[in-house]
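Here the structure comes first, spelled out in structure tokens, and everything after it is commentary.
Where a number appears in this text, it was derived from the coordinates with a stated rule and is not lab data. The model shown is predicted, which means the values in this text are computed figures rather than measured ones. FYI the Cβ positions are ideal-geometry reconstructions off the backbone, even for glycines, and counts take in every protein chain you see.
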Amino acid sequence: MVRCTFSPARAWRPAAGAPLARTLGLRTAACGDPHSSTLLHHSGDDTLATWVLHSTAPHPNDMTMWRVYALIGIIWLVLMPPLFTAGACTDEFNDATNRLMRDGAQLRTPESATEYFRSNGAPVSAITPERCKESKPRFMSRCGSGTVVYAKVPVKNQVCRLYRDEDVKVYIEYDDRGRVLRFNTDMAAYKSLPVPGTKTLVHWGR
């Protein structure tokens, strides 16, 4: 609260101050802060009027609480999308795996598999036994007798890409005669969050 003093003869212009100075009741005006409300009280002196300024500026504690609420809202908006995928991420993984199974004839040799993934815009690497012995990739547990084709099929769903995995990993191991020994597809798992006090599970990025 700020207390202000008004003198009609010195401080106020006739056009704006005189009508207010002649008023003996209450009137809203401004005193220094354009965002505040002013109550004018006549002091009993015709040349002097005193009024009390009640500031309407928000309390610092109120501003802090609003910042907390805004932060909670932002966090909720960031975490909310993967809660409503309705299994779309898992469906995309299954679709990629099934498509590779249907196109198995094009994956029978390391050369044809490498060309298949390149033609479909998927990053691919062919790791020969010699290359593996020189520098074994992290995704390989050991170096085999044949070539390993490792590809990454991009995930199309943007929510799944951001919150679950960017791509479906494809691992195809061949023997020294170029025959398929092992075929594997992989994607990061979705998370299930239990709702406290219930037996309900909320799936995140499913």
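Could you size up the charge dipole of region 84-192 around its Cα centre, putting +1 on the beta carbon of Lys and Arg and -1 on that of Asp and Glu, and report it in debye to the nearest 20? Mind showing how you got there, number by number?
On the way: 18 positive and 15 negative charges, 40 e Å.
Rounded to the nearest 20 debye, it is 200 debye.
Could you order the peptides 167-174, 150-157, 192-199, 84-91 from most to least packed, using the average number of other C-beta atoms within 10 Å per residue?
Working: 167-174: 19.8, 150-157: 17.6, 192-199: 8.2, 84-91: 15.8.
My ranking of the peptides, most packed first, is 167-174, 150-157, 84-91, 192-199.
When the chain is fully extended, how far beyond the present Cα-Cα distance does residue 191 get from residue 111, taking 0.36 nm per residue of separation? Provide the component values of the computation, followed by the final result.
Values: separation 80, 0.36 × 80 = 28.80 nm, distance 3.69 nm.
Gain on extension, residue 191 to residue 111, equals 25.1 nm.
Work out how much length residue 177 to residue 156 would gain on full extension: take 0.36 nm times their residue separation and subtract the Cα-Cα distance, in nm to one decimal.
On the way: separation 21, 0.36 × 21 = 7.56 nm, distance 3.50 nm.
Extending this stretch completely gives an extra 4.1 nm.
Can you tell me which of 113-122, 131-140 comes out highest on packing, and rank the rest after it, using the mean Cβ neighbours within 10 Å?
Numbers: 113-122: 15.6, 131-140: 11.2.
The most tightly packed comes first, giving 113-122, 131-140.
For residue 201, put the label point 7 Å out on the Cα→Cβ axis and report which residues of region 82-114 keep their amide N under 14 Å from it.
Residues passing the 14 Å test: 87.
Longer than 22 Å from Cα to Cα, which of 136/191; 156/191; 136/169 are they? Say none if no pair is. Intermediate results must be reported in sequence, preceding the final value.
Working: 136/191 31 Å; 156/191 20 Å; 136/169 17 Å.
Distance filter (> 22 Å) returns 136/191.
Would you work out the relative contact order for region 84-192, in percent, from Cα pairs under 8 angstrom that are 6 or more residues apart? Walk me through the numbers before you get to the answer.
On the way: 156 pairs, mean separation 26.7, N = 109.
It rounds to 24 percent for region 84-192.
May I ask you to list the aspartates and glutamates whose Cα is less than 13 Å away from that of residue 152, ignoring any residue fewer than eight positions away on the same chain?
Partners found: 165, 166, 167, 186.
Can you pull the one-decimal nm distance between simple spin-label points at residue 130 and residue 101, each 7 Å off the Cα toward Cβ?
The modelled label-to-label distance comes out at 3.7 nm.
Work from the charge dipole of region 84-192 (Cβ charges, +1 for Lys and Arg, -1 for Asp and Glu, about the Cα centre) and give the residue of 141, 180, 123 farthest towards its positive end.
141
Enumerate the amide H contacts of residue 204 below 5 Å, restricted to partners 5 or more residues apart or on another chain; note that Pro and chain-start residues carry no placed amide H.
Amide H neighbours of residue 204: 191, 192, 193.
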